[in-house]
Amino acid sequence: MTSLTTSLRLLTSALAMSLATVPAWAQQSAPVPALSLELNGAQPSDKGCRLTFVVNNNLGADLSKAAFEIALFNEAGVVDRLTVLDFKDLPAGKTKVTRFDLAGTDCAKISRVLINSATECAGAGVEPNACMRKLKTDSKTGIAFGI
């Protein structure tokens with residue numbers, strides 16, 4: 001009988017512990033607010049180099065304006081130039097593809113693109129620093145891309 005009682009106590013304890021972890025698991029599965037910016041392509045264009053970005057605004061609010069200062073590094077790892085890319089409005093929950101032609105830039109000589117700062121990050125209920133603080137980057141090219 002004591003063995004049965006001990007087994008029931010262990011089973012009850014195990015069940016209670018597994019139920020206690022359910023809220024923690026549910027909280028972890030909720031999406032984390034983020035602004036995802038992917039360098040999706042870099043192709044030569046008539047003007048120079050065309051960079052294609054895929055942007056996904058999961059901040060939970062529309063951005064009326066989003067712009068970033070980027071640094072372009074050459075093949076020697078030296079900053080070649082600074083420029084601002086204006087992504088304009090980014091509706092919440094929307095994925096958007098945007099292209100920028102960088103005049104006089106050779107795509108083959110870009111080794112890295114660094115997001116230096118957010119020059120604009122505006123929207124109702126959006127903190128001005130949210131675009132940098134919650135930014136996630138990725139690259140589908142051979143060019144290193146990040147913060």
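Overview of values
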read-out: Filter result (surrounded by 14 or more Cβ atoms within 10 Å (Cβ to Cβ) and within 26 Å of GLN43 (Cα to Cα)) within the range 133-147; value: LEU135, LYS136, THR137, SER139, THR141, ILE143, ALA144, PHE145, GLY146
read-out: Scope the range 97-128; condition modelled with pLDDT of 95 or more, under 26 Å from ALA61 (Cα atoms) and open to solvent by 50 Å² or more (accessible area, probe 1.4 Å); matching residues; value: VAL97, ARG99, ASN116, THR119, GLU120
read-out: Residues of the range 125-147 satisfying the condition of being farther than 30 Å from ALA108 by Cα and hydrophobic (A, V, I, L, M, F, W, C); value: VAL126, ALA130
read-out: Residues that are of a type in the set (Val, Ile, Thr) and either part of a loop (DSSP other than H, G, I, E, B) or without any contact (Cβ under 8 Å) to a residue 24 or more places away in the chain (or both), drawn from the range 91-147; value: THR105, ILE110, VAL126, THR141, ILE143, ILE147
read-out: Filter result for ALA16 (at pLDDT below 95, open to solvent by 50 Å² or more (accessible area, probe 1.4 Å) and among the aliphatic types (A, V, I, L, M)); value: yes
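The values are calculated or read from the model by the stated rules, or taken from the named source; none is laboratory data. It should be emphasised that the depicted structure is a prediction, and the values quoted were computed from it without experimental measurement. Cβ: placed from backbone, ideal geometry, glycine included. Neighbour counts: every protein chain shown. The area values use the complete protein model at the heavy-atom level, side chains included, leaving out ligands, DNA and RNA. Shrake-Rupley method; radii C 1.70, N 1.55, O 1.52, S 1.80 Å.
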